[in-house]
Amino acid sequence: MNVLMTILQAVQILAAIGMIGLILMQHGKGADAGAAFGGGAGSASLFGATGGANFLSRMTSILAGVFLACTLGLAYFGHSVPTAAKSGSVLESAVPAAPAGTAPAAAGTVPAAPAGTPAAPATGAAQIPGK
């Protein structure tokens with residue numbers, strides 16, 4: 001299962017890089033206006049007069065399909081793998097801060113808070129304001 005996830009991730013990264021390259025090589029809609037004033041090379045291109053646009057757009061859509069399939073596969077296999085971590089809030093698993101004044105002060109440390117300062121709450125859930 002781990003090997004399959006690694007292969008899917010590698011294919012997804014390659015598809016994403018390929019799509020980025022293909023999209024950057026395509027002409028925008030504004031490029032046709034420049035060709036009207038003599039700026040276009042026409043049939044002297046590598047793929048012919050219109051073959052480049054068809055090839056690039058077709059390859060982009062194929063790579064987008066591969067990217068989507070890899071994304072769905074990673075989501076499916078990632079969800080089916082049991083996790084060792086318990087479910088719940090990250091704030092509930094936070095280590096509570098020690099109350100001020102309980103630990104001896106080491107040389108070169110910041111002095112403890114004054115006695116009138118309220119102590120930190122024991123759990124992170126108490127720090128979330130309610131309505």
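Odds and ends about this structure:
- Each of Ala53 and Ala16 was given a label point 7 Å from its Cα along the Cα-to-Cβ line. The distance between the two points is 3.0 nm.
- Label-point separation in nm, Phe77 to Ala97, each point 7 Å along Cα→Cβ: 4.4 nm
A short reminder: the numbers here are calculations on the coordinates, not readings from a lab. This structure is a prediction, so every number in the text was calculated from the model and none was measured. Ideal geometry is used to build each Cβ from the backbone, glycine not excepted, and the neighbour counts take in all protein chains shown.
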